Each structure stands twice: as structure tokens, then as C-alpha cells.
Amino acid sequence: MGLAGATILRGLRGYGASSTLHGGKAFDLAPNLPVVVEIVDVEASLRAFIATLQPEDEIGLVTLEKVEVVRYGGHRHHY
């Protein structure tokens, strides 16, 4: 959808609405481990993306947070 940027963080343990602990071993490869996806873009683009999410996507929580970018590393040019 052309969003500006995203980071995916995989957790070792977590629980959600079920209060059931998922994971537990240091290098567990279970498919139900927690994942956090952080997407950076303007609010309108994020809301358009959220509107495409379906109930069967099994997404536990979606939040919108206002941020202030104080530094952006950008891309390095190699000559």
C-alpha cells in the first residue's frame, strides 16, 4: 500500500485477551508467538491501511500514536 516504513518485532513471550501465555522457551519457533508491527506514515494513510484489515486476520490490537521525529538517519549515498 506504499506506506512509508515498517518494523516487525517478534516477541519471545506474550499474552493477549485470552490471558494465555504464548512461548516460553528462549528459541521457541511456535507459530503463536507475539508480533508487533510498527508502521510509520501520515494518519490518513494509516487509517486507509487499517480499513483493509479483515476480522479473520487475527490481529489482537491496533493503536495509533502521534510521534515527533527528532532525527531520521535517511539513506547513505555511496560514490
Subtracting the Cα-Cα distance of Leu61 and Val37 from 0.36 nm times their residue separation yields 7.6 nm
Can you send over the solvent-accessible area of Arg13, 1.4 Å probe, protein chains only, in Å² to the nearest 10?
-> 150 Å²
Apply the Karplus parameterisation 6.51 cos²θ - 1.76 cosθ + 1.60, with θ equal to phi minus 60°, to every residue of the range 55-71 and state each ³J(HN,Hα) to the nearest whole Hz, in sequence, with x for glycine and proline.
-> x, 6, 6, 6, 9, x, 8, 10, 10, 10, 10, 7, 10, 10, 7, 9, 7
Carbon and sulfur atoms: what percent of the 1.4 Å accessible area of the range 30-70 do they account for?
-> 58 percent
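The values are calculated or read from the model by the stated rules, or taken from the named source; none is laboratory data. Source: prediction; values computed, not measured. For the accessible areas, the whole protein counts, side chains as well, though only heavy atoms, and no ligand, DNA or RNA atoms are used. Shrake-Rupley method; radii C 1.70, N 1.55, O 1.52, S 1.80 Å.
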